[in-house]
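The values are calculated or read from the model by the stated rules, or taken from the named source; none is laboratory data. It should be emphasised that the depicted structure is a prediction, and the values quoted were computed from it without experimental measurement. Please note: Cβ atoms are built from the backbone with ideal geometry, for glycine as well, and neighbour counts cover all protein chains shown. Just so you know, the surface numbers come from the protein's heavy atoms only, side chains and all, with ligands and any DNA or RNA stripped out. Shrake-Rupley method; radii C 1.70, N 1.55, O 1.52, S 1.80 Å.
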Amino acid sequence: MACCISARLVHSVYAALDVPDLKIIAWSDSMVALWWLKNHGDWSVFVANRVNEINSLVPSQFWRHVPGELNPADLLSRGISPRLFSNSLWWEGPSWLLEPPSNWPIDRLACETSEVEREKRKVRLCNLVAVEGEIPWYAIKFSNFQSIIRFVSWMLRFVENVKKKREFREIGDLTIHEIEHAEKTVQTVQNCPS
């Protein structure tokens, strides 16, 4: 999100200045975010949408990594005192930015695989076994497996609630346990011989 907000700001300022030859370099201390920006992957919907927006505003080749200890934006999170804050690099930026790009921090994009992989799009696998015979009524009435499971969950809750006193009845949204129980029930019914 920090990269996304930065990209929006950079894009707005660039458009307002109307200087077509202006070279843009955006900095982030998040190797994970930069990895998402620079490497095409099948990210989760949230990350994919942010990456697409960021790359449309500030393309990935203009992003570089700044180590956290050199990042002026991190001064507040490191607990700087107000006196030191007023005289800090927060106002002027790091001194190395005034030097040629060859003297800037080396842009090493190495990232913990588990951090990057955490936002990979989740794939759901559903096995369908086709057998000859009568199609169950619920497979005709509902458009997808999740709808069948939700229907069975509500029916199982109704049956259980009928057996209980009013104050002990389940109310509200379905629980994970109820949905898992419905999945097992549907599988059991499908596997039983007619």
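Picking from residues in the range 59-77 that are in a loop (DSSP other than H, G, I, E, B) and either closer than 23 Å to Leu22 by Cβ or in contact with a helix residue (DSSP H, G or I) (Cβ under 7 Å, 6 or more places away or on another chain) (or both), the one that is most open to solvent (accessible area, probe 1.4 Å) is Pro59. Quickly run through the range 142-155 and pick out the residues that are more than 30 Å from the chain's Cα centre (by Cα) and open to solvent by 50 Å² or more (accessible area, probe 1.4 Å). Phe142, Trp154, Met155 - these are the residues of the range 142-155 that are more than 30 Å from the chain's Cα centre (by Cα) and open to solvent by 50 Å² or more (accessible area, probe 1.4 Å). Show the residue pairs meeting these rules: Cβ distance below 8 Å; 6+ apart or different chains; first residue within the range 158-169 and at pLDDT 90 or above; second residue acidic (Asp, Glu). Here the result reads Glu160/Glu170; Asn161/Glu170, each pair linking the range 158-169 to a residue that is acidic (Asp, Glu). If you go through the range 41-58 and keep only what is touching a helix residue (DSSP H, G or I) at 6+ places or on another chain (Cβ under 7 Å) and not polar (S, T, N, Q), you end up with Trp43, Val47, Arg50, Val51, Glu53, Ile54, Leu57, Val58.
Criterion applied to Val19, Val66, Val10 was being within 27 Å of Trp90 (Cβ to Cβ), more than 20 Å from the chain's Cα centre (by Cα) and at pLDDT 85 or above, and the one residue passing it is Val10.
Summed over the range 41-55, residues that are open to solvent by 30 Å² or more (accessible area, probe 1.4 Å) and either β-branched (Val, Ile, Thr) or touching a His at 6+ places or on another chain (Cβ under 9 Å) (or both) total 1.
Could you check the range 17-30 and list, in sequence order, the residues that are closer than 15 Å to Ile106 by Cβ and surrounded by fewer than 18 Cβ atoms within 10 Å (Cβ to Cβ)? Within the range 17-30, Ile25, Asp29 meet the criteria.
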